[in-house]
Amino acid sequence: ALLVEVARRLMDAVRSTDTVARLGADEFVVVSENLNNDIDAGHMAERLHRSLASPMQLNGRELAVSASIGVSVYPADGDQINTLMRQADMAMYEVKRRGRDGWLFFTESMNRLIQERLSLEIDLRKSLENGDFRLHFQPQWDIHGRQLLGWEALLRWSHPQRGAVPPNTFIPVAEDTGLIAPLGEWVLLEACRTAVAWSGHGLEECRLSVNLSARQFAEPRLEEKIDQVLERSGLPAHRLELEITETVLMEDPQHAINLLRRLKAKGIHIAIDDFGTGYSSVSYTHLTLPTILLV
């Protein structure tokens, strides 16, 4: 019913000479011929975007949807239908990358960005197989007692050709492609093993902090995997601290609360990273999870 309503609104927004088609799933394509210039194409994209902005009443329920629209123009962006479709698709995914719900024209710079992203994804997969990733450990100090409390495990990637790749470059790609799951599992196990190896140097009670990505936190078997890592590494649960972002916590609050309480019952500590950059729900967090640490 939703797809039918979307199709109806798109058809109402275009001219009688335009073509509206559904490619599959929730993806539609609009072909507009004989537009005067790029400005007219922009007006068309804006009209399509506005047509889907208002809520839809379906079977007694009100649903709100957003639209990510990519625009390519003949002949500037290509003279073959396959090329034009590919360019529009690239522009659409760039809209999604920027947060969805908008429209963009395809550009050559965007094409270079997409190609670089694909190349980065291929290199990520190879490096994961080849073991090119390393962990750096950032100490956490008690500045009053002047003693080491623990350390945070930080993932670093040193590529043979690219050199040191910043985390803010490769982590979003890993999250989008799903590679963050195996990468995150490696980080957790390797960090726990390292913490155990350091225990013989007077660091038996130091806490290890590891970041969990949104994908990891949403995994149905996350709790089971954490148990397996603790068992394989030999790290006591009370020495592990898991960091999640505020946004991850609030995406499904009830699921998050139930999971975090079970982890806490095992002795695992919880920290909310980058607090205040998302929902800033101090009162909500205090009422539901009174023992977490806000970072």
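The values are calculated or read from the model by the stated rules, or taken from the named source; none is laboratory data. What you are looking at is a predicted structure, and each value in this text was computed from that prediction instead of being measured. Virtual Cβ from ideal backbone geometry, glycine too; neighbours counted across all protein chains shown. Just the protein is used for accessible areas: all its heavy atoms, side chains included, with ligands, DNA and RNA removed. Shrake-Rupley method; radii C 1.70, N 1.55, O 1.52, S 1.80 Å.
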For region 100-120, how many residues meet the condition of being within 21 Å of residue 25 (Cβ to Cβ) and assigned to a strand (DSSP E or B)? 3
Is there a residue being modelled with pLDDT under 90, open to solvent by less than 90 Å² (accessible area, probe 1.4 Å) and more than 23 Å from the chain's Cα centre (by Cα) anywhere in region 134-147? yes
Filter region 160-178 down to residues that are of a type outside the set (Phe, Trp, Tyr), at pLDDT 90 or above and open to solvent by less than 20 Å² (accessible area, probe 1.4 Å), then give me how many there are. 2
If only one of 153, 181, 191 is under 30 Å from residue 252 (Cβ atoms), touching a Ser or Thr at 6+ places or on another chain (Cβ under 9 Å) and in a strand (DSSP E or B), which one is it? 153
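Residues are listed down the side, and each one gets a yes or a no for (1) touching a Pro at 6+ places or on another chain (Cβ under 6 Å); (2) acidic (Asp, Glu); (3) open to solvent by 70 Å² or more (accessible area, probe 1.4 Å):
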| position | (1), (2), (3) |
| --- | --- |
| 12 | no, yes, yes |
| 15 | no, no, yes |
| 18 | no, yes, no |
| 43 | no, no, yes |
| 61 | no, no, yes |
| 67 | no, no, no |
| 70 | no, no, no |
| 79 | no, yes, yes |
| 91 | no, no, no |
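Is it the case, given these coordinates, that residue 291 is surrounded by fewer than 18 Cβ atoms within 10 Å (Cβ to Cβ) and at pLDDT below 85?
On the way: surrounded by fewer than 18 Cβ atoms within 10 Å (Cβ to Cβ): yes; at pLDDT below 85: yes.
Yes, satisfied.
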Condition first: modelled with pLDDT of 90 or more, of a type in the set (Phe, Trp, Tyr) and farther than 30 Å from residue 186 by Cα. Can you find one or more residues in region 72-87 that meet it? yes
Given the criteria at pLDDT below 90, under 30 Å from residue 232 (Cα atoms), touching a strand residue (DSSP E or B) at 6+ places or on another chain (Cβ under 7 Å) and surrounded by 12 or more Cβ atoms within 10 Å (Cβ to Cβ), does residue 154 qualify? no
